[in-house]
Amino acid sequence: MSRLFVCLWLPDHACEALKMLHREDQVGARFVTPENWHATLRFIGKTDPTVVAAAIDAMRGLGDQPIRPRFLGHVTIARLKKRATTPRTLGELVYASWRPAEVALVESTLRADGTRYQTLATWPIG
């Protein structure tokens, strides 16, 4: 069983725009490294990747997580500890647009030294 999500990997120009955010000296904030920045479209949870890939191919339901009615696609820049102060980046506007060429199925492995992502499959858009 793998911990999976579906995402769009950010293009270089979007990462460059996000790098402009203040990301240093913010107590309680653990910032995601730029090479891990992605737009999450759907968190799937723990399941068999081959089942998910087949479901995406067939456009069927996915994973062990219900679709939350208020879920919004998002880019995680930082994770905050429970008692963290509001980071200075909160409220800063960053704008980048692009036409994504593919959607990716990614495995997320939680480790003591940080989360590792591995793209397992991609599907072209359009």
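The values are calculated or read from the model by the stated rules, or taken from the named source; none is laboratory data. Bear in mind that the values here come from a model prediction, so they are computed numbers and not experimental data. Cβ coordinates were reconstructed from backbone atoms using ideal geometry, including for glycine residues, and neighbour counts include every protein chain displayed.
Some points to look at:
- Odd one out for Asp25, checked against (1) out of contact with any helix residue (DSSP H, G or I) (no Cβ under 7 Å at 6 or more places or on another chain); (2) at pLDDT 75 or above: (2)
- Within the stretch 50-126, strands (runs of 3 or more DSSP E) holding 1 or more residues that are farther than 21 Å from Leu18 by Cβ and modelled with pLDDT of 85 or more: 102-109, 116-124
- Counting only residues that are in contact (Cβ under 8 Å) with a residue 12 or more places away in the chain and farther than 15 Å from Glu92 by Cβ, the stretch 26-36 holds 7 of them.
- Cβ pairs under 9 Å, 6+ apart, first in the stretch 13-25 and touching a residue at least 60 places away in the same chain (Cβ under 8 Å), second hydroxyl-bearing (Ser, Thr, Tyr): Ala14/Ser97; Ala17/Tyr95; Leu21/Thr89; His22/Thr89; Arg23/Thr89
- Filtered by the rule that a residue be surrounded by 14 or more Cβ atoms within 10 Å (Cβ to Cβ) and either under 27 Å from Trp98 (Cα atoms) or of a type in the set (Asp, Glu) (or both), the stretch 18-30 gives Leu18, Leu21, Arg23.
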